[in-house]
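First the structure, in the form of structure tokens, and then the observations on it.
The values are calculated or read from the model by the stated rules, or taken from the named source; none is laboratory data. Computed from a predicted structure; not experimentally measured. Methodologically, a virtual Cβ is constructed for each residue, glycine included, from the backbone with ideal geometry; neighbour enumeration extends over all protein chains shown.
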Amino acid sequence: MSQDQLYQQMSDLSLDQQPQLPSKSGRKHKRPARAYHDVNGDNFNSGMQAQGNDQQFMSQGQPNINMNTPQFNNAAQFGGAGPAHGQIFTSQQVNSPMSNNGASNGNIQNQMTGANQFGNNISSNNVSDAQGTSSHYVPIQRWEDQINILNKTFQTVNDSVAPLPTTSFYSVDQGSCNPRTMSLSMLNIPENEQLRHATKLPLGMTIQPFAELVTVDGSEIPIISSVDAENNVKAPVRCQRCRSYINPGYKLSYDSTFLCNICNVKSRMPMDILPGIDNGGNATTLEGRLEMNHGTVDFLAPSEYNAIQAKEPLPLHYIFVIDVTSMAIGNGSAMAVIEAVKQSIEYIIDYQPKCKVAIMTFDNKLKFYNLRPDLDAAQEYIVAELSDVFIPFYNGLFADPAESINVITDTLRKIENFIRNDIGGPVPYNCYGSAIQAAQLALSEFTGNQGGKIICSLNSLPTVGNGNLSVRKDDNLKQNLQCDNDFYRKLSDELLKSYISVDIFVTSDAFVDMLTVVTPVEMTAGTLKYYPKFQKEMDDHLIINDMVENISNIVGYQALLKVRCSTGLTVDQYYLKSVDYSDRDPLIPVITKDTVIDVLLKYTDKLKAKEDAYFQTAILYTDINGIRKVRSINCTGAVSNNMAEVFKFMNQNSLMRIMIKDVIRTIGNCDFIGIRKTIEQKVAEILTQYTALVGRRTNSLILPDAIKTLPMYLLSFEKSDLMKPNFRSTRGNERIYDLFQYGMLNSARLSYKLYPQFIPLHTLLEENDLTFYDVHNKMLQIESKSIMELSVRNGYNQLLNGGCYLICDGEKVYLMFNKNTNRMLLQDLLGIDPTIALGDITLYGGILPEIDTQINEKARNMVQYWCEICNKQSLPIVLLRAEVDNYYQEVISRILCEDQTINKITSYDSYLIQLHTIIQEKIKKEDYIKVSGNSKNHELFHQQYVQF
């Protein structure tokens, strides 16, 4: 089929399915006259002449947009689809995403039948059914989803389809967990492997055990404690066969036994919790117990659950390891890290008072510092033997930070003086490997192998001591992304077995062989932060905030995770390098609020349709105060033999995460071009299966409601730094950092990373737009009529010359404007002098100033909302100005993920057309899996998910 024939066939295809634009008669927010910024008017620059040619946000060579001619398909303020190859697509009218009364959340979910079909053949019922999130464009979908949940409470049993990870919502635990903590990729589970295989989608789950939740009453996760006659903590009630923990799915029998919902085997109920008469003579029931009414609970664990049987758990121990080589001193990162350590210790004193700390520095030697509180001044011990490291002293190595604050302050001051005065001369050599080894030895000796946290900075390639690496040109000769250094692999295994986690802060864009030196981070579930082109004046607040935030997110350590499923299902693999992507129960040395584990499940037998399947995740861990606990997380999925119902209730976020993790697991020989083609083929197979088995066979592209934006997210993944062609570099810093981010980011940050959110500040807003709906400032609201104006697609043609945008990618917020932006708008937003030069505009500390103007307040509300969604204490604001900021082109090419890239990866609109072509050919050839009416047990085979 020729391209011209394809366009003719798809003439009715609408890639801009959007609600009819509201009339402008509604009351607008009354601001001062100067705050109305008509960028299309003759005086849009408030009398200030633009210098030179009318430039767009992009670099020279990009096409200009005629600002004087209204173009609906190009107007950024409407977020509409631009023309693809000259084809103008017609828009479709859909119902408003939020009615005045607001249908119940469950009703909206039940209405989401069929598919999102584009073209004139779409039925009116289908449009109405899809009103929950009607668009296949990510920006519109996000706002619609937030609006739909504003006046509702998510009920974990009654409401099955979870809000998007970028949506804030209140929840009530009805006996099933909040979907933020654990969610299935398929809410209606296929009854057998044959049916699952026909969907071409994985059955799995995403687990974030300690995710921040917003509950109606502000309650915390219940803590269940049971003690014996001697006041010792007793083990929680567990199934004697599968060892699951008591949960709302347990059924009490008349013969003092309970039926386990996981393995369907009866066990004897302990006598002390059987229903009976309490001391007051009142009847007791098992249903009244917290563990029988909550989907997520914490059990206090007895001593036999300790990580080391003969020892009581300890509070968490930290050791800070600071790079003080000449290169770290030269770019200012050493001083910034010292300030970050200082503020981190202050945080530990205030919020983790039982924890202890130690301090080390390194260049071509190791330096330990005695922190005994009775010392008058800091004491330094130098270890020059790097091949066989040892601890020069014991007493005072770790200290209570509150008791030793004076000595700690003096120690950090001494290190600062060493840096300022260049004592000892420049030392370019780096013994990073020996430093991590020494820190591991210190923690193991002091805690008795009970673990802890290493927080280390690194500025250059390790060149001396254990784990030294040769300085070589980074090239593409190594065709894999696996650590091939025996020292770092062995060190990582030892750290994992010792319950020690490592955080690394890399402060240089020079090649540091990040894949090798950061292997301990990946194996121990640590955190990696990367600051290319580090400048102390601009980046010191970033490293300070990141280090304090990492510490504040820590929940506990010595964690062991176990997933249990109903009979017929079991774990196929955990997507963790520490267990080699196997079904072994993962050990997590330090667990945080952002720790996310993706799990792939497989069938061991056929399930029974119209029954429920149960899932439980148990995390045995020690909290930061040294108390041993078990967190039990439970959820349920319905078993179905109806393909339409399976597709109807998908969890796009979990599906996307598992598919991306599977790509990373099988990245193989770094043939990124081939991998991209495979991903595209698999997306086409998914949509082909849906079209052939569920949807109507029309000439229109059909996207299932539940996964309508999945193609966009996977296309963005194809354009990421990780997937760029490796013509020159396979192991460059940017590629490896991107690789690690996909394993570390929580779902909200991953969503914003793949598709950053643009908020236009130049458009005229309604009074309630970008204001908080609730008193706790959790849910941001906009009027339904403002959806299109505030939904900006991430494409060059969607941006308005002279516009002003806030852009969130999950890690930073960019404030984007250019020389044609209305200076009165910038004055209201930033409080600047309107006559100041564009390049002289700065943001102190990377935050928006607090100004008494509505546009400033709305912008700060937006940033606060992003912080809540991403679980970040703050998001740094970075200015993004064409022809001013040297990083502008790099950032803009990354965030405009709908456009064709310099590597010829197609635009989103063209991508949908390509998918449509492949799907039509497959349907015509009947190249898809057909599902028979009856399936037998002998037809079941081991689940082979998409092997990229």
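Of the residues that make up region 537-544, is at least one touching a residue at least 24 places away in the same chain (Cβ under 8 Å), closer than 29 Å to residue 587 by Cα and crowded, with 22+ Cβ neighbours inside 10 Å?
no
I need a count of the residues in region 858-907 that are of a type in the set (Asp, Glu) and free of Cβ contacts under 8 Å to residues at least 12 places away in the same chain.
Total meeting the criteria: 2.
Mind listing whichever residues of region 554-567 are over 19 Å from residue 313 (Cα atoms) and either free of Cβ contacts under 8 Å to residues at least 40 places away in the same chain or surrounded by 19 or more Cβ atoms within 10 Å (Cβ to Cβ) (or both)?
Result: 563, 564, 565, 566.
Yes or no: region 836-847 includes at least one residue that is surrounded by fewer than 22 Cβ atoms within 10 Å (Cβ to Cβ), closer than 15 Å to residue 884 by Cβ, within 32 Å of the chain's Cα centre (by Cα) and hydrophobic (A, V, I, L, M, F, W, C). Show your work before the answer.
Of region 836-847, the ones surrounded by fewer than 22 Cβ atoms within 10 Å (Cβ to Cβ) are 836-847.
Cutting the leftovers down to closer than 15 Å to residue 884 by Cβ gives us 836-843.
If we keep only those that are within 32 Å of the chain's Cα centre (by Cα) too, we end up with 841-843.
Next cut, hydrophobic (A, V, I, L, M, F, W, C) only: 841, 843.
Yes, region 836-847 has at least one match.
Taking the options 209, 236, 202, name whichever one is touching a Phe, Trp or Tyr at 6+ places or on another chain (Cβ under 7 Å), under 21 Å from residue 627 (Cα atoms) and in a loop (DSSP other than H, G, I, E, B).
Step by step, each of 209, 236, 202 is checked, and only 236 is touching a Phe, Trp or Tyr at 6+ places or on another chain (Cβ under 7 Å), under 21 Å from residue 627 (Cα atoms) and in a loop (DSSP other than H, G, I, E, B).
Of the residues 630, 590, 599, 639, which is part of a strand (DSSP E or B), at pLDDT 95 or above, in contact with a strand residue (DSSP E or B) (Cβ under 9 Å, 6 or more places away or on another chain) and farther than 30 Å from residue 550 by Cβ?
After ruling out the rest, the residue left standing is 639.
Looking only at helices (runs of 4 or more DSSP H) that lie completely in region 487-557, which have at least 1 residues being hydroxyl-bearing (Ser, Thr, Tyr) and closer than 30 Å to residue 844 by Cα?
Answer list for region 487-557: 536-552.
Which residues, taken from region 131-166, are of a type in the set (Val, Ile, Thr) and under 17 Å from residue 710 (Cα atoms)?
Passing the criteria: 133, 138, 140, 161, 166.
Under 9 Å between Cβ atoms, which residue pairs at least 6 apart in sequence (or on different chains) link something in region 388-417 that is touching a residue at least 60 places away in the same chain (Cβ under 8 Å) and within 11 Å of residue 357 (Cα to Cα) with a partner that is assigned to a loop (DSSP other than H, G, I, E, B) and of a type in the set (A, V, I, L, M, F, W, C)?
Note: pairs meeting the criteria are 398/371; 408/371; 408/378.
Can you confirm whether residue 374 is out of contact with any helix residue (DSSP H, G or I) (no Cβ under 8 Å at 6 or more places or on another chain) and more than 30 Å from residue 221 (Cα to Cα)?
yes
For region 786-800, which positions are more than 14 Å from residue 762 (Cβ to Cβ) and among the hydrophobic types (A, V, I, L, M, F, W, C)?
787, 788
So for region 475-487 (the condition being among the charged types (D, E, K, R), at pLDDT 95 or above and surrounded by 14 or more Cβ atoms within 10 Å (Cβ to Cβ)), does at least one residue qualify?
no
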